[in-house]
Number of protein chains: 2
Amino acid sequence: MSPLDQAIADRLKRTPDGLVPAIAQQHDTGEVLMLGWMDDEALARTLSTGRATYWSRSRQEYWSKGDTSGHVQHVREVRLDCDGDTLLVKVDQVGVACHTGERTCFDADLLQGTDG
Amino acid sequence: MSPLDQAIADRLKRTPDGLVPAIAQQHDTGEVLMLGWMDDEALARTLSTGRATYWSRSRQEYWSKGDTSGHVQHVREVRLDCDGDTLLVKVDQVGVACHTGERTCFDADLLQGTDG
């Protein structure tokens, strides 16, 4: 696996454990699907393979979304925010994004407001 | 200021410094505007005032979006993800979300892919 492009690596501002939050958004509908975490290696894999790949903080391992579920995220676009500390990954989500079976990880728990 | 509802506080999974990432999304267009951080107090203020309020990690203080710029975020909906560790805040953004003058904090820096 090729390392992360140095020009990109130089712009990233990481948490103390070397991670950057990555927002996965469905490219056409605009749905926010989930938030994952990437280190330099996960971002390099995401850019080079075209499949969204994250670092699991709970399992302490890389996971390419869909490896076990088949619910792959095909990457259409990757953006870095103005502070260099958040990624926006526009994807084409196969099936559902959430391990609970919901389309997005935000579908189930409305704290305030109304749908629509 | 009333404290955060205990039922909500019990569901939050926070970083070691007590924070949860909060994705701000324009409620009608679906644009992802920015990512901020909330602790319990910032979330309580967001819910009770109807204005998105964050904790600034760099300045170590609360900021209600738009206090200085006028670019207020009126809260339409707040959601918690399946793991309880990320918030999705659907807002009506007045003016621009980014301090650089761009509409969103992700407009300027495309790492891979094409607009559209």
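The values are calculated or read from the model by the stated rules, or taken from the named source; none is laboratory data. What you are looking at is a predicted structure, and each value in this text was computed from that prediction instead of being measured. Quick reminder, even Gly has a Cβ in these numbers, built from the backbone with ideal geometry, and neighbours come from all protein chains shown. Each accessible area value is taken on the protein alone, full model and side chains, heavy atoms only, with ligands, DNA and RNA left out. Shrake-Rupley method; radii C 1.70, N 1.55, O 1.52, S 1.80 Å.
Test each condition in (1) open to solvent by less than 20 Å² (accessible area, probe 1.4 Å); (2) over 30 Å from A:His99 (Cα atoms); (3) facing another protein chain (nearest Cβ under 9 Å); (4) of a type in the set (Ser, Thr, Tyr) for B:Ser56 and report the one that comes out false.
Condition (3) is where B:Ser56 drops out.
Output the residues belonging to the range A:91-106 that are surrounded by 24 or more Cβ atoms within 10 Å (Cβ to Cβ) and either out of contact with any Leu (no Cβ under 9 Å at 6 or more places or on another chain) or without any contact (Cβ under 8 Å) to a residue 12 or more places away in the chain (or both).
None - no residue of the range A:91-106 is surrounded by 24 or more Cβ atoms within 10 Å (Cβ to Cβ) and either out of contact with any Leu (no Cβ under 9 Å at 6 or more places or on another chain) or without any contact (Cβ under 8 Å) to a residue 12 or more places away in the chain (or both), so the list stays empty.
Can you give me the ranges of the strands (runs of 3 or more DSSP E) entirely in the range B:1-90 with at least 2 residues that are touching a Phe, Trp or Tyr at 6+ places or on another chain (Cβ under 8 Å), closer than 25 Å to B:Asp107 by Cβ and of a type in the set (Phe, Trp, Tyr)?
B:53-56
It is to be established whether one or more residues within the range B:60-72 are surrounded by fewer than 19 Cβ atoms within 10 Å (Cβ to Cβ) and within 11 Å of another protein chain (Cβ to nearest Cβ).
Taking every residue of the range B:60-72 in turn, none turns out to be surrounded by fewer than 19 Cβ atoms within 10 Å (Cβ to Cβ) and within 11 Å of another protein chain (Cβ to nearest Cβ).
Are there any pairs, at least 6 apart or on different chains, whose C-beta atoms fall under 7 Å, with the first in the range B:11-23 and free of Cβ contacts under 8 Å to residues at least 40 places away in the same chain and the second hydrophobic (A, V, I, L, M, F, W, C), and if so, which?
Qualifying pairs under 7 Å: B:Leu19/B:Trp37; B:Leu19/B:Met38; B:Leu19/B:Trp55.
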